[in-house]
Amino acid sequence: MARYTLEELASKISGAKIENCADPKKVQVESVSPVNPGVTNSISFLANKKMLNEAKKTASSIVMTTSEFAKELEVPCLVVDKPDLILAQVLDLIYPPHTFENKVEANAFVHPKAKIGKNCYVGNFASVAEDAEIGDNVILEDGVRIGRGAKVGEGSHIGPNNVIHHGVIIGKRFRSFGNCTVGGDGFRFVFANGKHNKIPQVGTVIVGDDVEMGSNSAIDRGGLENTIIGDGCKFDNLVHIGHNCVLGKNVVIAGYTGVAGSTTIGDNCTIGGGCGIADHLSIASGTIVGGGTSVRNTLSKPDIYVGWDYGLTFPEFQKLRVNIKNVVNFQKWARRIKAIESKLGLNAEE
């Protein structure tokens, strides 16, 4: 961890201002903590009015917040326009990320016909195959496998034990964590003669710029066409994208979600955790799919979809829940009605 005074910290963040502090040279910060309860010599951030009362009682030495909220506080404030966004800069300052050397480890393997850019790190037991191309400032952590003819864009950081299969194209500033696989075969078999016969997958995967993949994610290569992941997509852990899928820009997918083959997802979609999305569908740009939803039909208009079957909008799902509850309670109501009829001496026809 690094230590800064409030004055030093403010000088490193463009547009930051200091409020509620007579001498910012004397206020120290060496950690980042939640605003509730807060910690001495730490900085907390306040971006939501719901936490304002908690911030008034914080034990933290500094609160990073907006000018609006700073007026409500007595604690020294680092004032910025978007505290939740600037938090990333503050975290990097106080907890500097590990710096990798410009080095190919002695037990790594780089094929003579592979190309490695400037200022790259190739970790222990990593391998870079024939005709692969690695851009400048790329980090390949321990155990990474880059297949023949694959390309990795500049500024990328590929986590330990990742496999980037042959012919895969990775854009700039790609980030992945442990045990991801990009470009494995798509899942296609034809059952004949009493067995499942494998169909070769001859497409590849093309990944745009600024894409991030969580641990154990798997992206299948295309069958005849390519699987495409657009710029700015972010995947949580254990996300699977099937062969021939096309994802637009800035698609966010939470953990344990699977997207079956040949499905298209438009720009700026958000897919919750634990979702199952069937094959050969299209999901409109701007759509939100709630966690645990099963999508079996095309979602042609942007909306919030939730449920376990056909991808209902949120209002439709609420109606379904009411109807399910009514069906569950029907027998109980029927017994009560019969009891009332009996007391009244009514002999209603069945």
Review point. Pairs, please: C-beta under 7 Å, at least 6 apart or cross-chain, first residue closer than 12 Å to I228 by Cα and polar (S, T, N, Q) and in region 203-216, second part of a strand (DSSP E or B) and open to solvent by 50 Å² or more (accessible area, probe 1.4 Å)?
Key: T204/I169
Exercise for review: Look at region 16-53 and say how many of its residues are open to solvent by less than 80 Å² (accessible area, probe 1.4 Å) and closer than 17 Å to L91 by Cα.
Suggested key: 17
Practice item. Enumerate the pairs (first residue in region 273-297 and open to solvent by less than 40 Å² (accessible area, probe 1.4 Å); second residue anywhere and of a type in the set (K, R)) with beta-carbon separation below 6 Å, excluding pairs fewer than 6 apart on the same chain, so at least 6 apart or on different chains. Key: A278/R296; A284/K301
Study note, to complete from the structure: Only unsatisfied item for G258, checking (1) modelled with pLDDT of 95 or more; (2) open to solvent by less than 20 Å² (accessible area, probe 1.4 Å), is (2)
Point to revise | Of the criteria (1) under 18 Å from the mean Cα position of the chain (by Cα); (2) at pLDDT 95 or above, which one G290 fails | key: (2)
**Study point:** Selected residue (only one of S14, S60 is more than 28 Å from the chain's Cα centre (by Cα) and under 18 Å from D84 (Cα atoms))
**Key:** S60
Review point. If only one of G232, G222 is within 23 Å of E154 (Cα to Cα), in a loop (DSSP other than H, G, I, E, B), open to solvent by less than 20 Å² (accessible area, probe 1.4 Å) and at pLDDT 95 or above, which one is it?
Key: G232
**Study point:** region 194-217 - residue that is closer than 15 Å to S262 by Cα and part of a strand (DSSP E or B) and, of those, most open to solvent (accessible area, probe 1.4 Å)
**Key:** I206
Check your understanding: Just for region 66-89: of the residues that are among the acidic types (D, E) and surrounded by 12 or more Cβ atoms within 10 Å (Cβ to Cβ), which one is farthest from A55 (Cα to Cα)?
Key -> D84
Review point. Identify, please: which residue in region 317-350 is at pLDDT below 80 and acidic (D, E) and is, among those, farthest from L299 (Cα to Cα)?
Key: E349
Review point. Looking only at region 235-253, which residues are open to solvent by less than 40 Å² (accessible area, probe 1.4 Å) and free of Cβ contacts under 8 Å to residues at least 40 places away in the same chain?
Key: F235, V239, I241, C245, L247, G248, V251, I253
Review point. Out of all the residues in region 54-65, which are open to solvent by less than 40 Å² (accessible area, probe 1.4 Å) and over 19 Å from K17 (Cβ atoms)?
Key: T58
Practice item. Give me a count of the residues in region 98-142 that are under 26 Å from the mean Cα position of the chain (by Cα), open to solvent by less than 80 Å² (accessible area, probe 1.4 Å) and farther than 18 Å from I170 by Cα. Key: 3
Exercise for review: Filter region 148-158 down to residues that are under 15 Å from S127 (Cβ atoms) and not aliphatic (A, V, I, L, M) and give me whichever is surrounded by the most Cβ atoms within 10 Å (Cβ to Cβ).
Suggested key: G149
Revision key, fill the gap. Flagged in region 172-193 as open to solvent by less than 10 Å² (accessible area, probe 1.4 Å) and assigned to a loop (DSSP other than H, G, I, E, B), in numbering order, are F174, C180, G186
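The values are calculated or read from the model by the stated rules, or taken from the named source; none is laboratory data. Everything numeric in this text was worked out from a predicted model, so none of it was measured. Cβ atoms come from the backbone with ideal geometry, glycine included; neighbour counts cover every protein chain shown. These area figures cover heavy atoms from the full protein model, side chains too; ligands, DNA and RNA do not enter into them. Shrake-Rupley method; radii C 1.70, N 1.55, O 1.52, S 1.80 Å.
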